[in-house]
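The values are calculated or read from the model by the stated rules, or taken from the named source; none is laboratory data. Owing to the predicted nature of the structure, the values given are computational and were not obtained by experimental measurement. Cβ coordinates were reconstructed from backbone atoms using ideal geometry, including for glycine residues, and neighbour counts include every protein chain displayed. Just so you know, the surface numbers come from the protein's heavy atoms only, side chains and all, with ligands and any DNA or RNA stripped out. Shrake-Rupley method; radii C 1.70, N 1.55, O 1.52, S 1.80 Å.
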Amino acid sequence: MKYLRKIKDDILYIGASDHRLSLFENLFPIPSGVSYNSYLILDEKTCVMDSADASVKESFLENLKTGLNGRALDYFVVHHLEPDHSAVLIDILKEYPDVTLVLNSKSYSMMKSFLNEPMEFNYQLLSEKESLKLGSHELVFVMAPMVHWPEVMVSYDIKDKILFSADAFGTFGALNGNIFNDELVIDDYFYSEARRYYTNIVGKFGVAVQGLLKKASGLDISMICPLHGPIWRNNFTDLIHRYDLWSKYQEEDNDIVIIYGSMYQHTYQACCELALRLADKGILNIALYDVSKVDVSYLISEIFRCKHILLACPTYNGGIYPKMHNLLTDMEALNVSNKNIGIIENGSWAPMAGKKMKEQLSTLKNVYFMESQLTIQTVLKDSNEEALNLFINEVVGLYYNNKK
Ligand code: FEO
């Protein structure tokens, strides 16, 4: 099935979507699928910008052949070597042996690990600010290491002011015919999926993303073409603002998220009581999630979004409830920073989860651990009243102090 759309008179979208994949990277649930974007420039020279995932190989190759319409393929730009964008590269080299791969020194050295057979290919190495002339189009390359892998680069088309941004500004979600942002409803759900994509895939590399945003701020951009999700041809100020916040590990909202693990509902009931009492204090939009039920990628996204993180779980095998332990491991791995964190532990005979949770999160930067910690022995009871009030008062103080 051919699926091409013009993004400019001489630039085609030749990517494809996978609506059937359940887990991106075999890790992250993608209920709305995912797109693998690729672009074909038809100038005096022809040039493809990245390929696609193996799951859409046939569609991609057919799109490319149709788009070329009998012309030779002159250049193939490798912005990012991760297999979701390079799985078809070997097929391209076989079908278009005269093509010249456009790489940087890092991607060139990494290419070897992607070839399971020795292959000769034409290539052109480019470094920072060097350009490739295709005719009326001229692509200027900007290195973007660790946005998401070390070899990543982006390119800027001087003629049409297009930023080909690799993984940056991407999002989960297949494209259903509408490939431009202004053909879609860009609502809270859209941004929550964009945030979930960013925080889980690129979240660890905020410093690198900040570096790229700085470089991009000097460009006059009319269109952003990422490797996943819609092409942005207007109104991208909000998207860039959110990327700036996410990569600085700053919250989007002064909200409270309560994430609990609960074996027999007791910790859950304590968290419900806490949420009700916080609401009574005028706190809005409280989020409450079961760590056993909600995939960790959604929790990470919420942790990035909110300023105040309340974590509650039982003691398990003398330590942290395993599902909570898994979440904390992800928080560490993704460099979560700039948060207020409150801890609630449960333990019927020897509560230890709170101490262990604090220890595990001690490497996070610029995190304030609340002084009050709530310890429950099995069930929240009247004897917890004083500690609960202290805990609530501290949360409320932090919330109102941070209100913008
Ligand atoms: Fe979409 Fe880092 O690959």
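For segment 1-103, the convex hull spanned by the alpha carbon atoms encloses 97 Å³ per residue. Here's the list of aspartates and glutamates a cross-link from residue 365 could span, going by alpha-carbon distance under 15 Å and ignoring same-chain residues fewer than 8 apart: 251, 330, 332.
Please work out whether segment 173-240 counts as rounded, prolate or oblate from its C-alpha gyration tensor, where a ≥ b ≥ c are the square roots of the eigenvalues and a/c under 1.5 means rounded, while otherwise a/b larger than b/c means prolate and anything else oblate? Judged from the Cα gyration tensor, segment 173-240 comes out oblate (a/c at least 1.5, b/c at or above a/b).
With the Cα gyration tensor of segment 61-150 in hand, give its eigenvalues times 5 under a square root as the equivalent ellipsoid semi-axes, listed largest first in whole angstrom. Provide the component values of the computation, followed by the final result.
Details: eigenvalues 84, 66, 30 Å².
Rounded to whole Å, the semi-axes are 20, 18, 12.
Just tell me the longest site-free run in the chain, where the sites are GluC sites (Glu not before Pro) in a DSSP loop having at most 15 other beta-carbon atoms within 10 Å. Don't skip to the end; give the middle numbers.
Working: sites that count: 25, 44, 120, 128, 130, 252, 371.
Result for the longest clean stretch: 131-251.
Given H placed 1.01 Å from N in the peptide plane, which residues other than close sequence neighbours of residue 88 have an amide H under 5 Å from its amide H? Under 5 Å from the amide H of residue 88 lie the amide H atoms of 52, each far enough along the sequence or on another chain.
Using 0.36 nm times the number of residues separating residue 131 and residue 403, minus their current alpha carbon distance, what extension gain do you get?
This chain segment gains 93.3 nm when fully extended.
Applied to segment 211-216, the Karplus parametrisation 6.51 cos²θ - 1.76 cosθ + 1.60 on θ = phi - 60° returns per-residue 3J(HN,Hα) values of x, 5, 4, 5, 4, 6 Hz, with x for Gly and Pro.
Using the structure shown, list the pairs from 248/403; 6/106; 2/159; 65/161; 65/94; 281/403 with a Cα-Cα distance above 23 Å, or answer none. Numbers along the way, then the final one.
Values: 248/403 19 Å; 6/106 32 Å; 2/159 27 Å; 65/161 26 Å; 65/94 13 Å; 281/403 14 Å.
Listed pairs above 23 Å: 6/106; 2/159; 65/161.
Residues whose amide H comes within less than 5 Å of that of residue 341, counting only those at least five positions distant or on another chain, are 309, 368, 369, 370 (H built at 1.01 Å from N in the peptide plane).
About the Cα centre of segment 298-404, what is the dipole size in debye to 20, counting +1 per Lys and Arg Cβ and -1 per Asp and Glu Cβ, all else neutral?
Details: 11 positive and 10 negative charges, 80 e Å.
Its charge dipole is roughly 380 debye.
In the chain, helices alone account for a calculated mean residue ellipticity at 222 nm of -9000 deg cm²/dmol, with every DSSP H run of four or more residues adding -39,500 (n - 2.57).
With springs connecting C-alpha atoms under 10 Å apart, model the chain as a Gaussian network and identify which of 17, 127, 86 has the largest mean-square fluctuation. Top of the fluctuation ranking is 127. With semi-axes defined as the square roots of five times the eigenvalues of the C-alpha gyration tensor, the equivalent ellipsoid of segment 127-264 measures 29, 18, 13 Å, largest first. Give a quick list of trypsin sites (Lys or Arg not before Pro) in segment 254-308 that DSSP marks as loop, anything other than H, G, I, E or B, with at most 10 other Cβ atoms within 10 Å. Passing both the DSSP loop test and the Cβ count: 293.
Select from segment 102-163 those trypsin sites (Lys or Arg not before Pro) which occupy a DSSP coil region and have at most 11 other Cβ atoms within 10 Å, ordered by residue number.
On the way: sites: 106, 112, 129, 133, 159, 161; in loops: 129, 159, 161.
Of the trypsin sites (Lys or Arg not before Pro), the ones in loops of segment 102-163 whose Cβ has at most 11 other Cβ atoms within 10 Å are 129.
Shown for the chain: the carbon plus sulfur share of the solvent-accessible area, taken with all protein chains present and a 1.4 angstrom probe, equals 51%.
Under 1.5 on a/c is rounded, so check that first for segment 245-327, then, if it is not, pick prolate when a/b is larger than b/c and oblate when it is not; a ≥ b ≥ c are the square roots of the alpha carbon gyration tensor eigenvalues. If you can, show how the numbers build up before the last one.
Values: a/c = 2.43, a/b = 1.22, b/c = 1.99.
The shape class here is oblate.
Please compute the net charge surrounding residue 261, taking Lys and Arg as +1 and Asp and Glu as -1 over other residues with Cβ under 15 Å from its Cβ. Don't skip to the end; give the middle numbers.
Working: positive: 293, 323, 356; negative: 290, 295, 330, 345.
Around residue 261, the charge tally is -1.
Under a 5 Å amide H cut-off, with hydrogens placed 1.01 Å from N, residue 136 pairs with 44 among residues at least 5 apart or on other chains. Semi-axes of the equivalent ellipsoid of the chain are 47, 20, 18 Å, computed as sqrt(5λ) over the eigenvalues of the C-alpha gyration tensor in descending order.
Phi angles of segment 228-243 translate, via the Karplus equation with coefficients 6.51, -1.76, 1.60 and θ = phi - 60°, into HN-Hα couplings of 9, x, x, 7, 9, 10, 6, 6, 9, 4, 5, 4, 5, 4, 5, 4 Hz per residue; Gly and Pro are given as x.
Would you mind working out the magnitude of the charge dipole of the chain relative to its Cα centre, with +1 at each Lys and Arg C-beta and -1 at each Asp and Glu C-beta, to the nearest 20 Debye? Present the calculation step by step, with values, prior to reporting the outcome.
Numbers: 38 positive and 51 negative charges, 104 e Å.
Once rounded to the nearest 20, the dipole reads 500 debye.
Computed FRET efficiency, Cβ-Cβ of residue 284 and residue 180, R0 41 Å: what is it to the nearest 0.05? Efficiency for this residue pair is about 0.75.
Restricting segment 12-91 to trypsin sites (Lys or Arg not before Pro) that sit in a DSSP loop and have at most 13 other Cβ atoms within 10 Å of their own Cβ leaves 20, 71. Couplings 3J(HN,Hα) of segment 260-266, computed from phi: 10, x, 8, 8, 10, 6, 5 Hz, in residue order, whole Hz [Karplus 6.51 cos²θ - 1.76 cosθ + 1.60, θ = phi - 60°; x for Gly and Pro].
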